[in-house]
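A short write-up of the structure that comes next.
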Amino acid sequence: MSWSNYHQHCYYCDGTNKPDDYVQTALANGIRSFGFSSHAPIPLDVKWCIKPEKFDNYLAEIKAIQQKYAEVLPIYIGMEIDFLPGLIGPNSPQFKVLDYHIGSVHFAAQFEDGEYWGIDDTRKMYERGINEIFEGSVQKAVEAYYATTRNLIENDTPQVLGHMDKIKMNNGDSIYFSEKARWYQTAVLQTLETIAATNTIVEVNTRGVYKKKTAYPYPSPWILKHLLDMDIPIMLNSDAHHPREVTGHFETTAELLVDIGFKEVQVHTRHGWQARPFTKKGIQF
Ligand SMILES: [Zn+2]
Ligand SMILES: [Zn+2]
């Protein structure tokens, strides 16, 4: 089995361990191309992002790891960058030093006092946003999430789109909405059309599955089928916050992807993102 993974959170943000521990697990589990993607510093008071004063330390430590393992594993310096329209996004100038980035929407709207509504916060916060910002309309809240995602894709086009349907994280077994609802499918399909007009790669993210929050990866199988039909490139990531999560649910997800019909995934090389053949046994480098 050979894999890649470009979505790792270490102790610089909300991950648990030092970067070296993740590399050790990666090597022991067949990872052949690897990247760190701590939450980029943002101008909000949140505890899960790199502190602005640690930005340079992060770059230096990952660079040192890159050199330490240069003979055995290509390691790339990335970040998972939030999109706050008018404030910050994946293409903000301070992120040009990175080898790559993942653009993710964790905030879809603001409360009356300006506080941002985190869509993958607690269920209590999820409901508070729906009730206070969208007058109790789940549909309006979810549509706002996808509208923000389209805004990101169109106006701050990321190399990689993180967990594109993370709005389902708190949805359990359709607690708030059904993915079969016409309005939901319309919002998703409209977003896919926007993605298809760019070079953005959609990540298949297994975190919801191994954290037992979702039955399927982000995005759901029916969305994956559309991605394939629309020729939108994908990659497989685990969004690890602990070394043991580095290849979390990769084998079952590879089976799912191959059964849907995917034959290749994107990996990072010295020449940027490139497609590689992909089977149930992983990636052929
Ligand atoms: Zn994220
Ligand atoms: Zn992440």
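The values are calculated or read from the model by the stated rules, or taken from the named source; none is laboratory data. Keep in mind it's a predicted model, so treat the numbers as computed, not measured. Neighbour counts are summed over all protein chains in view; Cβ atoms, including those assigned to glycine, are modelled from backbone coordinates with ideal geometry.
Restricting attention to the stretch 171-197, the residues being of a type in the set (S, T, N, Q) and surrounded by 14 or more Cβ atoms within 10 Å (Cβ to Cβ) number 5. Just one of the listed residues (Ala144, Ala60, Ala108) is without any contact (Cβ under 8 Å) to a residue 40 or more places away in the chain, surrounded by 20 or more Cβ atoms within 10 Å (Cβ to Cβ) and among the small types (Gly, Ala, Ser), and it is Ala144.
Restricting Tyr145, Tyr116 to those that are at pLDDT 95 or above and under 28 Å from Gln266 (Cβ atoms) reduces the list to Tyr145. Flag set for Glu245, criterion: under 15 Å from the mean Cα position of the chain (by Cα) and over 19 Å from Thr194 (Cβ atoms). Of the strands (runs of 3 or more DSSP E) lying entirely inside the stretch 227-283, the ones with 1 or more residues being β-branched (Val, Ile, Thr) and crowded, with 19+ Cβ neighbours inside 10 Å are found at 234-237, 264-269. Report every pair of residues separated by at least 6 positions or lying on different chains whose Cβ atoms are under 6 Å apart, first residue within the stretch 32-57 and in a loop (DSSP other than H, G, I, E, B), second within 16 Å of ligand 2 (Cβ to nearest atom) and of a type in the set (Ser, Thr, Tyr). Partner pairs satisfying both residue conditions: Ile50/Tyr12; Ile50/Ser38; Ile50/Tyr58. Tallying residues that are within 27 Å of Phe107 (Cβ to Cβ) and more than 16 Å from ligand 1 (Cβ to nearest atom) within the stretch 60-78 yields 3. Just the residues that are assigned to a strand (DSSP E or B), touching a Phe, Trp or Tyr at 6+ places or on another chain (Cβ under 8 Å) and more than 13 Å from ligand 1 (Cβ to nearest atom), please, taken from the stretch 79-94. The one that is assigned to a strand (DSSP E or B), touching a Phe, Trp or Tyr at 6+ places or on another chain (Cβ under 8 Å) and more than 13 Å from ligand 1 (Cβ to nearest atom): Leu84.
Quick one: what pairs do we get from the stretch 221-239, first residue closer than 20 Å to Ala26 by Cβ, second small (Gly, Ala, Ser), C-beta under 6 Å, 6+ apart or different chains? Pairs that qualify, where the first residue is closer than 20 Å to Ala26 by Cβ and the partner is small (Gly, Ala, Ser), are Ser238/Gly248.
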